[in-house]
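In what follows, a single structure is set out as structure tokens and then discussed.
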Amino acid sequence: VFVLPFLSGIYQYLLVAFEKLVILSGEYVNIKVFFPHFKSWQMIVYYLFIVGIIYCFKKTLFRKAILCLFFLFMVSIKYFPLLNVKGEVSFLDLANGEAILVHTPFSECTALIDTGEGQNEEVTKFLLSKGINKLDYLILTHNHSDHNGEAGNILKNLKVEKIITSNFDTSVYAKTPITRKVSVHESFSCGDITFQVLSPKIRSEDENDNSLVLYAKINQQGFLFLGDVSKKIEEEIAEYNLDVDVIKVAHHGSKTSTSPVLLAKFRPKYAIIQAGRVIKFAFPHPQTIATLNQFAVIIYQTNEDYSIKYSYTKKSSSFTSWR
């Protein structure tokens, strides 16, 4: 403008237009921005980096180098799940329902089993806070809102490559162009993990018994994801020969599930109960806890331990919990 004074009029119009655009955006456009959750050491590095930029930017010689480093740092933040050498299976503590994240090292596989009811978009926020904006698989075990209630919001906010449902699922999610409906004895792979479909064999009048039951080896540990099936279905599953280390207890720990026949056959070391926090249900049932104790199973339950995570590397693994 100072070099070419005759452009000052155009400049003023552009300035006013931009100002009005900002005001309109503030009033009518609702943009949600989710930042990844930083660990303590990442926060320290971030702030030290900002201080370094402010100090060095005054020195012309370093400006280009600092800008390049800052750009690389921001890119690494966006894609930091790709740099994660740890794998995890996270069982989320939700107000109502279940959601399980399977996330392997270097993001070779990112799968979500169920979504919970969707209260406050808690699963979507959790995924985005971890820097996860793409799912290889969204697995919906059955058509109950406490298992698929947030699916629509997740599909809206994340890129989902494939939806997996039971062949007997009648929900809208079983009818999308990216849906694969699976039957018993089928399998599907995600990174180095193969999920085997153990149930349902036939359509049941009880929607809980239409749940997908999945088995997978994760870090050489056998995980059995039981959905909401009843003892009757569990006893059918006990006919399989499987190495089971961890079971996701069926139906939130209800007394209708957790058959002694299943536990006697597989002898799991750990049981995860995603109880939810709906008072009227009072999950888990004392009978379920007693049955698990009878078989000396180590129990983690979300109503006491909050969210539960199985973390692993090539050399070690552990269970931890967080709020």
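Inspection of the range 141-154 identifies no residue that is farther than 23 Å from T302 by Cα and in contact with a strand residue (DSSP E or B) (Cβ under 9 Å, 6 or more places away or on another chain). Taking the range 152-228 as the region of interest, the strands (runs of 3 or more DSSP E) fully inside it that hold 3 or more residues being more than 14 Å from T141 (Cα to Cα) are 159-166, 187-190, 213-218, 221-225. Checked against the criterion of being within 23 Å of H103 (Cβ to Cβ), assigned by TED's automatic domain parsing to the domain that holds I139 and not aliphatic (A, V, I, L, M), the range 224-234 contains one or more residues that satisfy it.
Kindly establish whether A264 is assigned to a strand (DSSP E or B), assigned by TED's automatic domain parsing to the domain that holds S166 and modelled with pLDDT of 95 or more. For A264, the condition - assigned to a strand (DSSP E or B), assigned by TED's automatic domain parsing to the domain that holds S166 and modelled with pLDDT of 95 or more - is not met.
Taking D146, is it in contact (Cβ under 8 Å) with a residue 24 or more places away in the chain, in contact with a helix residue (DSSP H, G or I) (Cβ under 6 Å, 6 or more places away or on another chain) and buried (at least 20 other Cβ atoms within 10 Å of the Cβ)? The answer is no for D146.
Of the listed requirements (1) surrounded by 14 or more Cβ atoms within 10 Å (Cβ to Cβ); (2) under 25 Å from F319 (Cα atoms); (3) of a type in the set (D, E, K, R), K181 misses just one: (2).
Kindly indicate whether F281 is assigned to a loop (DSSP other than H, G, I, E, B) and closer than 19 Å to L92 by Cα. So F281 fits the description; yes.
For the range 106-138, the set of residues classified as within 15 Å of K159 (Cβ to Cβ) and among the hydroxyl-bearing types (S, T, Y) consists of S107, T110, T124, Y137, listed by residue number.
In the condition set (1) surrounded by fewer than 18 Cβ atoms within 10 Å (Cβ to Cβ); (2) under 21 Å from C109 (Cα atoms); (3) among the hydroxyl-bearing types (S, T, Y), S166 is compliant with all but (1).
So which of E161, E150, E186 is in contact with a Ser or Thr (Cβ under 9 Å, 6 or more places away or on another chain) and either of a type in the set (D, E, K, R) or modelled with pLDDT under 95 (or both)?
On the way: E161 fails: in contact with a Ser or Thr (Cβ under 9 Å, 6 or more places away or on another chain); E186 fails: in contact with a Ser or Thr (Cβ under 9 Å, 6 or more places away or on another chain).
Step by step, each of E161, E150, E186 is checked, and only E150 is in contact with a Ser or Thr (Cβ under 9 Å, 6 or more places away or on another chain) and either of a type in the set (D, E, K, R) or modelled with pLDDT under 95 (or both).
Selection of first residues in the range 298-320 that are at negative phi and surrounded by 13 or more Cβ atoms within 10 Å (Cβ to Cβ) and of second residues that are aliphatic (A, V, I, L, M) and in a strand (DSSP E or B), restricted to Cβ pairs under 6 Å at least 6 apart or on distinct chains, gives the following pairs, ordered by first then second residue: I299/A271; Y300/I272; Y300/I308; Q301/I273; I308/I272; Y310/V89.
The values are calculated or read from the model by the stated rules, or taken from the named source; none is laboratory data. Computed from a predicted structure; not experimentally measured. Cβ atoms come from the backbone with ideal geometry, glycine included; neighbour counts cover every protein chain shown.
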